[in-house]
Amino acid sequence: MRRYRSPTWAITRVNRWVTRWTWRTRSSSACSKKLAAPQLKVKYNLVTSQTRIPLVQNGTVDLECGSTGVTAERQKQVAFSYGFIYVKGQLLTANDSGIKSFADLRGKNVVTTAGTTNERYLKSYNIDNKIDMFVISAKDHGEAFQLLQSGRAAAFYMDDALLYGERAKARDPHKWVVVGEEQSREIYSCMVRKDDPQFLALVNSTLGELYSSGRSTGSTSAGLSSRSRQRLEPRVPDDQ
């Protein structure tokens, strides 16, 4: 679980966990039932874009469900569950900034989040297209949006779902707009260790049942058919 993750996860001021995609909490309960372990305790651990994979690999975290996209490089390090949302990279900027596309970023400060595929993509795009933008890497999405709001960055490059989530948390959401051509595309999935195929099968089975039953909320307001689940199996995006 990650701080500043909206619309996936959020932490209130009294440090109570709130989720808009409640099927993840339900999946933990379902796993407990499948394992016949009613006393199974679920412990939430905060991770960042930089620490999420190492913490899954070393066993500190058994299941990471945040905004982790499936890539070929990550598949060498961890295993992925069925996907739960498709996202694409875009820009968040002030509606009076004059920025409408990536071509408008020339010579400007553009912030993204460190340790993400978006950071790697933005730096490569900058070099390949000779945009001459200045890429700023923030420690998390919350800091990135703060840099944008303070004027230290002209745009924030990230997955569209996360940008809309940050926009919704602003004091004046109407001041901000998501723009730009769709860039990097990914499917978010949960991560588990590569050496635990039984647990991965349990997670996928649980998610599949939640999708089919219609009890999932947020990213899937209605049940998904078996064909839909097949389309959401982890795949490496064409541009990765």
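Scanning the range 82-99 for residues that are part of a strand (DSSP E or B) and touching a Ser or Thr at 6+ places or on another chain (Cβ under 9 Å) gives Tyr82, Gly83, Phe84, Ile85, Val87, Lys88, Gly89, Leu91. Residue selection: Phe145 fails the criterion of being over 25 Å from Val56 (Cα atoms), open to solvent by 60 Å² or more (accessible area, probe 1.4 Å), at pLDDT 95 or above and aromatic (Phe, Trp, Tyr). In the set Val135, Val110, only one residue is among the β-branched types (Val, Ile, Thr), under 25 Å from Thr68 (Cα atoms) and surrounded by fewer than 19 Cβ atoms within 10 Å (Cβ to Cβ); that residue is Val135.
The residues of the range 201-221 that are assigned to a helix (DSSP H, G or I) and either modelled with pLDDT of 80 or more or surrounded by 15 or more Cβ atoms within 10 Å (Cβ to Cβ) (or both), listed by number, are Ala201, Leu202, Val203, Asn204, Ser205, Thr206, Leu207, Gly208, Glu209, Leu210, Tyr211, Ser212. Restricting to the range 164-200, and then to whatever is free of Cβ contacts under 8 Å to residues at least 40 places away in the same chain and farther than 30 Å from Asp96 by Cβ, can you tell me which residue is surrounded by the most Cβ atoms within 10 Å (Cβ to Cβ)? It comes out as Asp195.
When you look at Ser67, is it hydroxyl-bearing (Ser, Thr, Tyr), modelled with pLDDT of 85 or more and either open to solvent by less than 50 Å² (accessible area, probe 1.4 Å) or out of contact with any helix residue (DSSP H, G or I) (no Cβ under 7 Å at 6 or more places or on another chain) (or both), yes or no?
In short, no.
For the range 83-106, filtered to residues that are closer than 16 Å to Ala153 by Cβ and out of contact with any strand residue (DSSP E or B) (no Cβ under 8 Å at 6 or more places or on another chain), the residue that is surrounded by the most Cβ atoms within 10 Å (Cβ to Cβ) is Asp104. What do you reckon, is Thr60 modelled with pLDDT of 90 or more, of a type in the set (Ser, Thr, Tyr) and part of a loop (DSSP other than H, G, I, E, B)? Criteria met by Thr60.
The values are calculated or read from the model by the stated rules, or taken from the named source; none is laboratory data. This one's a predicted model, so the numbers in the text were calculated from it and none came from an experiment. Heads up, the Cβs are rebuilt from the backbone with ideal geometry, glycines too, and the neighbour counts pull from every protein chain shown. Ligands, DNA and RNA are stripped out before the accessible areas are found, and what is left, the full protein with its side chains, is counted by its heavy atoms. Shrake-Rupley method; radii C 1.70, N 1.55, O 1.52, S 1.80 Å.
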